[in-house]
Structure formats: structure tokens, C-alpha cells
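Taking it in order: structure first as C-alpha cells, then the write-up.
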Amino acid sequence: MKFFKGKKQSRGSERQPESLGQDKDSAGQRPGDKHKTEDVFGIITTEKPGFFEADQFRVLRTKLFFPASGKRPRSIAVTGAEVGEGKSFIAANLAVCAAQNVDDRQTLLIDCDMRLPTIHRMFGFEDGPGLSDYLSGEIPLSAVLRKPPADKLTILPGGRLPDNPSELLSSTKMSLLLQEVQSRYEDRYIIIDLPSPRLIAEAELVVRQVDCVIIVVSYGQTLTSHVNELIDIIGKDRISGIVFNRFDTSMHSSLYRMYKKFIRRK
Ligand SMILES: Nc1ncnc2c1ncn2[C@@H]1O[C@H](COP(=O)(O)OP(=O)(O)OP(=O)(O)O)[C@@H](O)[C@H]1O
Ligand SMILES: [Mg+2]
């Protein structure tokens, strides 16, 4: 399924013969991947609401939360097979879009990447306490939640880098937190920015505790074999779809602008 077509980014190379990606080391890492904290692509759903790309998030929201068949999920994990595909970008924009719904549902966005949390920065918050600090038992949950300007949205940032992120992610406290936020707040969407279960084994435990998963693929970069490995780890039945990020949308965008002009003239 192709839900989202983000802007093409120039850090990728040409498509390789045996893969959809470029050369990486065994962990699936590319040179220059530890970048992200500086050039954040942003919350385009609020910064550029009229753009084609922002509209794709609304399409994604509809497909996920109003499925033609099946049950409406409340908790969604956004993950990927490698690093840097745009998981946080997709999770953050999807959360903003979910919060912009017409019903009264609140949205909670949880950054489960305790090694390199970025969600809070996307919303302009300084580094500070978050999930890791709550799970370490140092701070109550209410003290680490953040309210960005977006209506009906709450963020649980990743927190300060702990010594034991894997243990925290697989802790009973983490499971209880997921159970509690899902059962206590019936009228809430929960979106989880989750590191790859292919690279961080404990992330699989989170996957098992949510209603569904979406996989972010960086178009032309992510290796097909890595995506297949991830699908085997997660299980097809838990996956709601694949989001192709960094797809070149220039053609679609100009058609979209023409379409919008046409609609305005009518
Ligand atoms: N569609 C896009 N177009 C342009 N830049 C993008 C796009 N999606 C993401 N980016 C940028 O690419 C970088 C990586 O994105 P992001 O941090 O969302 O990836 P990630 O999968 O969460 O990374 P990690 O595996 O480290 O958690 C960021 O600088 C982000 O702003
Ligand atoms: Mg991330």
C-alpha cells in the first residue's frame, strides 16, 4: 500500500541493482545517518497544510482510522526496517493529523526511541525528561508529558539517554504504561514512534501490544530484504500498511495545484 508520498530528499544514491537502497553497513546504517537532530523536516501538516504532502497525511489518517473494513485501531506503532527512513517524521505528522480530526478524540504521541529521541525537537521542545525518566522510576508520568500548540495533542518525549534503553523498553513498567494509556483513555489515539524491531529486539514487545503497525520505507533507499525481514518479525497480520517516504512527488504536486485552482474557480 502506498499511503504517503513525501518529498524526495537528496541524501540517497541511485537505486542499486539488487535492492531498493544504497550501500550500508551490517546494521543498515548509512554514512551521515547520525544527522537528524539538526535538519528536522518538520510538521508539514501544520506548517504547510495546503500542500500536497500534507494532504497525503490526511489520506493516511482516513485509511488508518476509518478503514473500509475491520476495526478502527486506537494504537499504532510507526516503525521501519533500518534507520533514518523517516519514522519520526511520519509518526509526528500522523499524530498532528489524528489530533485535527473532527471528533473530540485526543492524541498521544509516544517517542519510544530512547537512544536518539527527536519527536520533542520537531515540536520545538528542548531536550528534557521523558519516557526513559518515567520508566526509570524517577519522575511521574504527568511531569514528562508535553503540550505542543496543536490542539488535542500530547507528547511523551523519549527523555534523557538512559544506560539501559533496551531493558526499559522491555520492562513491566513499559507494558503497564501501554496497557494503561490504551485502556484508561477510550477516546484517545495513541501513536508510537518505534525504532526498528529488526535492529532493536525489544521493540518487538511494543509491537505486540498495539492494535496495528505501519512500516515506513524510504523510497529508493531501504533494502527490500530488510523490509521482508521486518515483516517476518512483526507478522503480516499486525501490519496495516507501508508508507513510502521520500517519493518524488513533483509530478503529483503540480497536478494537485492545478486541481486546487480548478476547484477554486468553480
Ligand atoms: N519526506 C522527507 N523529505 C525530506 N526529508 C525528510 C523526509 N522524511 C524525513 N526527512 C528527514 O530525514 C531525516 C530522518 O528522518 P527521521 O528522523 O524522521 O527518521 P527516523 O526513521 O525516525 O530516524 P531514526 O531511525 O534515527 O529514528 C530527518 O532530518 C528528517 O527531517
Ligand atoms: Mg526517529
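Laboratory data are not the source of any read-out in this text; all were calculated from the coordinates shown. Keep in mind that this is a model prediction, so the values were computed, not measured. Virtual Cβ from ideal backbone geometry, glycine too; neighbours counted across all protein chains shown.
Rounded to the nearest 5, what is the percent of antiparallel bridges among the DSSP beta bridges in segment 44-265?
5
Take residue 164 and residue 208, extend 7 Å from each Cα along the Cα→Cβ direction, and tell me the distance between the two endpoints in nm.
2.0
Under a plain spin-label model, where a point goes 7 Å from the Cα along Cα-to-Cβ, how far apart in nm are residue 224 and residue 172?
It works out to 4.6 nm between the two label points.
What does the highest-first list of 65-74, 83-92 look like by mean Cβ count within 10 Å?
83-92, 65-74
Quick one: if you stick a label point 7 Å off each Cα along the C-beta vector at residue 105 and residue 147, how many nm between them?
2.2
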